[in-house]
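Colleague: Take a look at this one; I'll ask things after.
The values are calculated or read from the model by the stated rules, or taken from the named source; none is laboratory data. What you are looking at is a predicted structure, and each value in this text was computed from that prediction instead of being measured. For neighbour counting, all protein chains shown are included, and Cβ atoms are generated from backbone atoms with ideal geometry for every residue, glycine included.
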Amino acid sequence: MINYSVFVIDDEDVAREGVTLALKSDYEVKAFASAEAAIDALESESPDLILLDIGLPGMSGVEALKVIKKKHPEIIVIMITAYEDVETVISAMKLGAYDYMVKPLKMSALVASIQVALETISMRKEIQMLHEKYLKENLPCFIGESNAIQDIMEIVKRVAESPDTSILIIGETGTGKELIAKAIHYRSPHFKGQIVSVNCAAIPRELIESELFGYDKGAFTGANASGKTGLVEKAADGTLFLDEVGDLSKAAQAKLLRFLEEGEYYRVGGTMKHRAQSRIVSATNRNLPQMIKDGRFREDLYYRLAVVKIEIPSLNQRPDDIIPIAQNFLLELSRKFEKTFTGISPDAETALQNHTWTGNVRELKNIIELAVLMSDGPVLRAENLDLKNIHADKPVIQPDNMPVLPSLSGSGIDFDSTLESIEKHYFDAALKMVNGNESKAAGLLGLSRDKFRYRRKKQL
């Protein structure tokens, strides 16, 4: 059942109380003697409909209508006036009022007007309720307390509302790119459709086109006699998630580009044009701009896919998230395997935080799963964890040709120049150790990737 809320704004006690009494059996009603008080209440709650008296002391009803419609255009407003002033009524209707009623109010007419008005938003309310149900049942758990993850989830909430915007998710293997894709899908207007995932790297290049777009019968030797529906078609009115999109062949890239630009495609071996509407979310751990320079990825496709880019930091770059994620996995897997784990000991927390997570969140889940399977609760301890080099220090960076530190003499030294020289050597050494991966180099130096890039740029 859909519940509706109504604000009644009228400075006359008798009118305000009478309307409240007439409506409260069917609606959630709140009454206000002034427009200012009601507008303050709108900061924390949003009613479906407002009954607004025009002749209010202080801020008039027409002035209040301007404010309400500017901040909350979706709220239905019915104006109430003591006399039928045509100019005032026309002004209110132009500002967005749904209807108006003249005092003394006939309650039957008022109730009928409210019912008709609320019917216009019943579909929106039903969709909202259904959406909330889908979110509760399907939204994946993406745990994170770091500022980086909180910022990412804020971006997800915003871009999900635009169902046609293509999104590119960038991050190392195991960072949770598919979880972000699912979070986008279930928050979008396409939430009732399917999210269809395809790992482009796992499908042979010669088959990727037929997997994406399907094929007609007899398209090639060994083809299914009745043809095959492609993933693009299965994802119609939903979301198509292309993981490892950098592995698409140039031919598949061209077809995908056509689909993104025109919403059209042809099945392999077919001549009939097909249409489908779906959101494309893609993901990669590759450097697509470099692949463009190397001629291995289409630049025009890149800009189509990356209308919005979401970059997920590695787990090593967000140490604040390690324990919350581990705790979540521990409780989830403890229930799954009928164990009694309730928490993580301090020594296990230290071990987890000191570990270098080359496999990111996926590696962390595997470590916790093995520990839960092989151990008994209620507390997870360091000895339960199969971590290599638990107590090992981070890799030692020993730059070649480390500059000799100048001795401090009476004539002084160029301190800034010396620091810059040392910093450059460590940056170069860190990059060399991780084959040029800036994210990993930043982790070795205890810096965020953005700070690493900023300071590296200053050196060049």
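Colleague: If I180 satisfies all but one of (1) buried (at least 21 other Cβ atoms within 10 Å of the Cβ); (2) farther than 30 Å from A441 by Cα, what's the number of the condition it fails?
Modeller: (2)
Colleague: I need a count of the residues in region 1-40 that are within 22 Å of T120 (Cβ to Cβ) and acidic (D, E).
Modeller: 2
Colleague: A follow-up question, please. Tell me, yes or no, whether region 92-101 has at least one residue that is at pLDDT below 85, in a helix (DSSP H, G or I), buried (at least 17 other Cβ atoms within 10 Å of the Cβ) and at negative phi.
Modeller: Within region 92-101, none of the residues are at pLDDT below 85, in a helix (DSSP H, G or I), buried (at least 17 other Cβ atoms within 10 Å of the Cβ) and at negative phi.
Colleague: Quick check on this structure: which one of E87, E137 is outside the structural domain of K24 (by TED's automatic domain parsing), exposed (fewer than 13 other Cβ atoms within 10 Å of the Cβ) and modelled with pLDDT under 85?
Modeller: Selected residue: E137, the only one of E87, E137 that is outside the structural domain of K24 (by TED's automatic domain parsing), exposed (fewer than 13 other Cβ atoms within 10 Å of the Cβ) and modelled with pLDDT under 85.
Colleague: Check V361, V307 and return the single one that is in contact (Cβ under 8 Å) with a residue 60 or more places away in the chain, in the same structural domain as A252 (by TED's automatic domain parsing), among the β-branched types (V, I, T) and under 28 Å from V156 (Cβ atoms).
Modeller: Of V361, V307, the one residue that is in contact (Cβ under 8 Å) with a residue 60 or more places away in the chain, in the same structural domain as A252 (by TED's automatic domain parsing), among the β-branched types (V, I, T) and under 28 Å from V156 (Cβ atoms) is V307.
Colleague: Return the only residue of D347, D300 being in a helix (DSSP H, G or I), touching a Lys or Arg at 6+ places or on another chain (Cβ under 9 Å) and of a type outside the set (S, T, N, Q).
Modeller: On inspection, the qualifying residue turns out to be D347.
Colleague: I'd like the full set of residues that are surrounded by fewer than 16 Cβ atoms within 10 Å (Cβ to Cβ) and under 15 Å from I75 (Cα atoms), limited to region 4-27.
Modeller: Selection gives S5 alone.
Colleague: Right, something else. Somewhere in region 166-182, is a residue over 25 Å from N360 (Cα atoms), at pLDDT 90 or above, part of a loop (DSSP other than H, G, I, E, B) and out of contact with any Ser or Thr (no Cβ under 6 Å at 6 or more places or on another chain)?
Modeller: The answer is yes, given that some residue of region 166-182 is over 25 Å from N360 (Cα atoms), at pLDDT 90 or above, part of a loop (DSSP other than H, G, I, E, B) and out of contact with any Ser or Thr (no Cβ under 6 Å at 6 or more places or on another chain).
Colleague: If R205 satisfies all but one of (1) modelled with pLDDT of 75 or more; (2) not in a helix (DSSP H, G or I); (3) not β-branched (V, I, T), what's the number of the condition it fails?
Modeller: Here R205 clears every test but (1).
Colleague: Let me ask something additional. I'd like to check something: does region 47-69 contain any residue that is loosely packed, with under 14 Cβ neighbours inside 10 Å and either within 21 Å of A117 (Cα to Cα) or of a type in the set (V, I, T) (or both)?
Modeller: no
Colleague: Just checking, does region 11-24 include any residue being in the same structural domain as I114 (by TED's automatic domain parsing) and assigned to a strand (DSSP E or B)?
Modeller: no
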